[in-house]
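Below is one structure, written out as structure tokens; the observations come after it.
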Amino acid sequence: MTSRDGATLTLYGEHREAFGRRVRALRRTGMTPANLYGRGADSVSFQAQTRALEKLVTDGGRGSLVELTIAGETHHTLLRGLQRHPVTRAIMHADFYRVEMNRPVQTTVPVHLIGDAPAARLPGAVVTHLTHELTIECLPADIPAAIEVDIETLVELETAIHVGEITVPEGVRVLTDGETIIVRATHSRVSAAAAEEEEAAEGEGEAPAEGETPAAASGDAD
């Protein structure tokens, strides 16, 4: 089972004795093989319920702190690797990295847009969310469930919010390039194309240049 407490998830596993060809039979029972590794400790092979792992990923386990309990012993971890079947996308294997609570770690967290962009109400406008994850560094206990970005500052078209402009929780350092665009407001392709056609049509009807007669300008002179 998995549960969520702020940005911390929990997962329960048990020591694994199935290796090699026996792993396929293990998966048929609804269990997924996994490994736990980290600084200064031996790797531990364990297994967890496949459904619990799927829920862990859905709840944000790719970036959140995971309290992994194996045979009654709890470890603070991050989900560092996830292998899926190329066709069915079922989880085939998972790797968890044991972290030290007093040592900063790097991880990725999702970006959630909040508020309404006034620019979205303008004719022909489109608001595009371009960056969905940020790489951050912080203590494991400070890992946020997500970074929230208020888009109410997008008032005009052809404006954007960059990574360097956002506010993040205390203790969190963003490693993603500050010039990276998170969200932007632009003209839709349809409206931009219509505007170009309109400008072209206006150009065709412009007055002749100075020194030209209407006939010469149109190319119809004798």
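The values are calculated or read from the model by the stated rules, or taken from the named source; none is laboratory data. Everything numeric here is computed off the predicted structure, so don't read it as measured data. When we count neighbours, we look across all protein chains shown, and the Cβ atoms used for this are built from the backbone with ideal geometry, even at glycine. Just the protein is used for accessible areas: all its heavy atoms, side chains included, with ligands, DNA and RNA removed. Shrake-Rupley method; radii C 1.70, N 1.55, O 1.52, S 1.80 Å.
Restricting things to alpha carbons, tell me how big segment 8-123 is in terms of Rg and Dmax, in Å.
Computed over the Cα atoms of segment 8-123, radius of gyration and Dmax are 17.4, 62 Å.
Given a 1.4 angstrom probe, I'd like the percentage of the accessible area of segment 108-197 that is carbon and sulfur, rounded to a whole number. Show your work: numbers first, answer last.
On the way: 2590 of 5150 Å².
Ligands and nucleic acids excluded, carbon and sulfur reach 50 percent.
Which whole number in µm²/s is D for segment 3-71 by Stokes-Einstein, with the Kirkwood Rh taken over Cα pairs at 4 °C and 1.567 mPa s?
My calculation gives 101 µm²/s for D.
Along the Cα→Cβ direction, 7 angstrom out, place labels at Thr29 and Arg51. What is the inter-label distance in nm?
1.7
Once the principal axes of the Cα atoms of segment 52-199 are found, what is the range along each, listed largest first in whole angstroms?
Extents along the principal axes, in whole Å: 70, 41, 23.
I'd like to check one number: the per residue accessible area of segment 91-141, probe 1.4 Å, reported in Å² as a whole number.
Spelled out: the 1.4 Å probe surface of segment 91-141, per residue, equals 50 Å².
I'd like the distance separating the alpha-carbon centroids of segment 77-148 and segment 37-75, in whole Å.
18
Once amide H atoms are built 1.01 Å from N in the peptide plane, which residues 5 or more positions from Thr10, or in another chain, come under 5 Å H to H?
For Thr10, whose amide H was placed from the backbone, the distant partners under 5 Å are Ser3, Glu67.
Can you give the FRET efficiency to the nearest 0.05 for His162 and Leu139, using r as the Cβ-Cβ distance and R₀ = 30 Å?
After rounding, the FRET efficiency stands at 0.70.
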